[in-house]
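Since the structure comes first, as structure tokens, the remarks are kept for the end.
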Amino acid sequence: LDALIERQARDARVLEAWKPEERPALEEAAPALDRAAEHSARAERLAQAANELTKAARTVRSPSGDLAETARELERSEARSERRERAAGDATAPKASESFKAAAETTKKSGTSASERAAAADEIEKSAAELARAAAAENETALEAQRAALESLKKLSDPKTAAGHVAEEVQKALAGSPAHDSPAAADAPSAAAPSAEERAAKAAEARRANEEAQRALSSGLDDLRQVKPALSSAQNDASAESQRLKRGLESLPQASSQSGSEASAKLEAAAEAQKNAAEQAGKDQAGDAAKAAAQAERALREARSALSAARKSAQQNAQKSASSEAAAIQKAQAELAHKVGEMSEQAAQSDLEQQAKNEAQKALDEAAAAMEKAAESLREGSSSSAAESQSSAMQSLQKAASSAQQGGAPSKPADQKKAQELAAEQERIRQALLELAERNKKRDTAAPTPSLDEAQESAAGASKSLEQGDLEEAAPQEEETERQIRQSMKELAEEEEQYQELRQEELLFKITEEVKNLTDEHQREMQNTLEVDKQRKAGERVTHTQRLRLRKIAKAEEALGARAAKISQAILAEESVVFAEVLTQAERDLTRIGRDMGEVGEYQSGERVQALQQDVEQSLSWLFTALQNEKERRKQEQKGGSGTAKNEKVQDNRLVPDVAELKLLRQLEVALLDDLERAQVLYPELSADDPIDPLVLEDLARIANRHQRTSDLFQKFRERLNLPAPDADQE
């Protein structure tokens, strides 16, 4: 319910900020921003080329300048420019590559005299000035496109709406764009005019600002287009979840209370409101959808308050009942110890034979001491210790009764009176057992406890024997009463264990479903990645459409990583460390995939990213198979299957047994060894002294980290299972 409220609050905020009628203003600004980004990128290339030509001219003009090396550098710049111009695909754009080619030829033909060098330098500087003017003109065109985009965004003045927030982000990005030089500023340099290097830096900054604005707008538009189907689907799912919670509540004892009934009604109201929100969102009725979503959130919070009240009331009642019962038992135990002590004194004054009298008195003293110890254990809350002391007291009482029987029945009035008092006390114990049995039967989930009924019968028989002064008969009946009480406690403990097993089975089912959904969604993103990568051509710049698709896939993979982290935490809480580690590794890889496929990773979609995706798919598949096997094992165990199934009981109520985790741990280590061998084949430079690519180092660090974590997990298992440590030479 807490998780559902959190999701509902988020959906309500999104719906409140969603204004479908504002999206056209953003779409109107998109073409203008695309033009601005295109022209500013072209301006940067031209300004950078002008800067390189200016530097080359200075080298040519200098008497110590290396003309041959300068010519070779200009040819390399020509080749780079050709690749960039070919990737840009604009045949009408000024050609920096042609200027580099001409400058290289001029440098080669230049003589070594100062005049010849100066003439060549002047010619190169002239080409640089032409490129600078072309860059300034491109900058001006980019500015005009920016102004057109900002004019469209003025219609969105409220930053609280989703579209208004996107517009604000675009405006912030464009605000970082520096003022561009006019074409005239690129003429002959003066003291106040910026240098070629400064103009190149400003052009690069302007290009980054335009591309950032373009990304913000593209991402915002993409998100807005997904809002309608995403919110409609989310609210339908939330409605189904509210109904499921309502059914779950109805199966609990608290459902019959006033607070429980109120919680059930609120969950029903929330489900209806969420269904209405889904319908309104599907019709682009954002206002009505937002109201319905907020109404559902309020209903869920009220349901949580009512459910908390019901649970608190049930806990208080249970604690009060348990405290009252414990106090009554403790008091009865203390009184019984006191009376047994009095019986010991009276035994010394009875008409029994001396030997029987001594034995009975000794046994009664031992019983009194054991009962006092039991009372102390009960005060300290140690029921198991109290049970041992009570058992010892019962045995001592039985010995006392046997001695008294052999020495003759009590004949003194005082002895008979004491026997009657003990009989009354025994009747009290029988009544307490009866009340305990009745309370147990009233529990909704209570299983039959025949041992409690038998304990009552034994207690009744003991009372009757005591009334008749028959201590020999009463003692074994007291012992039988104690045995039946212990049996009753054992039955209740077994019932609790069955409840825990049911809880584990439900959790196992839910986690298995979550892992299956995670795997299916990841496989869809893998297919989307393949489709985008097939459309890309080697050496070409990624297109705008491809960037949008890759950014969308990256976000989806990062979201799957966040879900994997949550499932990992839930599994770790059940002490299933290996299963949790698989999801933790998947979360790290999915985060890395999202980084590499996004802007930071320069929109990768090739073999390295796909290999990471395959690793995630494989580990999730292994985990799903292991979970399915555990579900099947439990099913066979319930059917009374093989001895192997029965012997693989889950220790300490953990989600899965040690053997399942160790099998999965072995799979992880085998896969790591395979990855290491494959790396040695793919990257032969690892065995040489050659420099290693940083990306290869990152892959190796990932393998090393996984191996270390796998080793740590195995060491924890070894220590917990008390397995001997390997010898130092084996390590």
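The values are calculated or read from the model by the stated rules, or taken from the named source; none is laboratory data. No experiment lies behind these values; they were computed from the predicted model shown. For neighbour counting, all protein chains shown are included, and Cβ atoms are generated from backbone atoms with ideal geometry for every residue, glycine included. Just so you know, the surface numbers come from the protein's heavy atoms only, side chains and all, with ligands and any DNA or RNA stripped out. Shrake-Rupley method; radii C 1.70, N 1.55, O 1.52, S 1.80 Å.
A compact table of results
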| read-out | value |
| --- | --- |
| Residue pairs meeting the criteria (Cβ under 7 Å; at least 6 apart or on separate chains; first touching a residue at least 60 places away in the same chain (Cβ under 8 Å), in region 273-296; second open to solvent by 20 Å² or more (accessible area, probe 1.4 Å)) | A281/K228; A281/S232; D284/P20; D284/K228; A286/K19; A286/P20; A289/Q280; A290/E16 |
| Boolean, R634 is open to solvent by less than 50 Å² (accessible area, probe 1.4 Å), of a type outside the set (V, I, T), part of a helix (DSSP H, G or I) and at pLDDT below 85 | yes |
| Any hit, region 592-599, residues being among the basic types (K, R), in a helix (DSSP H, G or I) and either in contact (Cβ under 8 Å) with a residue 40 or more places away in the chain or closer than 23 Å to D699 by Cβ (or both) | yes |
| Every residue from region 81-105 that is over 60 Å from the mean Cα position of the chain (by Cα) and either closer than 26 Å to T141 by Cβ or at pLDDT below 90 (or both) | A102 |
| Any chance D284 is surrounded by fewer than 19 Cβ atoms within 10 Å (Cβ to Cβ) and at positive phi | yes |
| All positions within region 131-149 that are surrounded by fewer than 17 Cβ atoms within 10 Å (Cβ to Cβ) and of a type in the set (D, E) | E140, E144 |
| Region 68-88, subset among the aliphatic types (A, V, I, L, M) and surrounded by 18 or more Cβ atoms within 10 Å (Cβ to Cβ), residue farthest from F100 (Cα to Cα) | A71 |
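Every residue, every condition in (1) basic (K, R); (2) modelled with pLDDT under 90, yes or no:
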{"position": "L249", "(1), (2)": "no, yes"}
{"position": "L252", "(1), (2)": "no, yes"}
{"position": "S256", "(1), (2)": "no, yes"}
{"position": "L267", "(1), (2)": "no, no"}
{"position": "E272", "(1), (2)": "no, no"}
{"position": "Q280", "(1), (2)": "no, yes"}
{"position": "D284", "(1), (2)": "no, yes"}
{"position": "K291", "(1), (2)": "yes, no"}
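Here's the yes/no breakdown for (1) open to solvent by 30 Å² or more (accessible area, probe 1.4 Å); (2) out of contact with any Pro (no Cβ under 8 Å at 6 or more places or on another chain); (3) closer than 19 Å to K19 by Cβ:
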{"site": "A216", "(1), (2), (3)": "no, yes, yes"}
{"site": "Q235", "(1), (2), (3)": "no, yes, yes"}
{"site": "E241", "(1), (2), (3)": "yes, yes, no"}
{"site": "S257", "(1), (2), (3)": "yes, yes, no"}
{"site": "S264", "(1), (2), (3)": "no, yes, no"}
{"site": "A270", "(1), (2), (3)": "no, yes, no"}
{"site": "S308", "(1), (2), (3)": "yes, yes, no"}
{"site": "S313", "(1), (2), (3)": "yes, yes, no"}
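Conditions tested, residue by residue: (1) of a type outside the set (G, A, S); (2) in contact with a Lys or Arg (Cβ under 7 Å, 6 or more places away or on another chain); (3) at pLDDT 90 or above.
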| site | (1), (2), (3) |
| --- | --- |
| L502 | yes, no, no |
| H522 | yes, no, yes |
| K534 | yes, no, no |
| V542 | yes, yes, no |
| R547 | yes, no, no |
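Quick grid of which residues meet (1) crowded, with 24+ Cβ neighbours inside 10 Å; (2) touching a residue at least 60 places away in the same chain (Cβ under 8 Å):
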site: A9; (1), (2): no, yes
site: L15; (1), (2): yes, yes
site: P31; (1), (2): no, no
site: A43; (1), (2): yes, yes
site: A50; (1), (2): yes, yes
site: A56; (1), (2): yes, yes
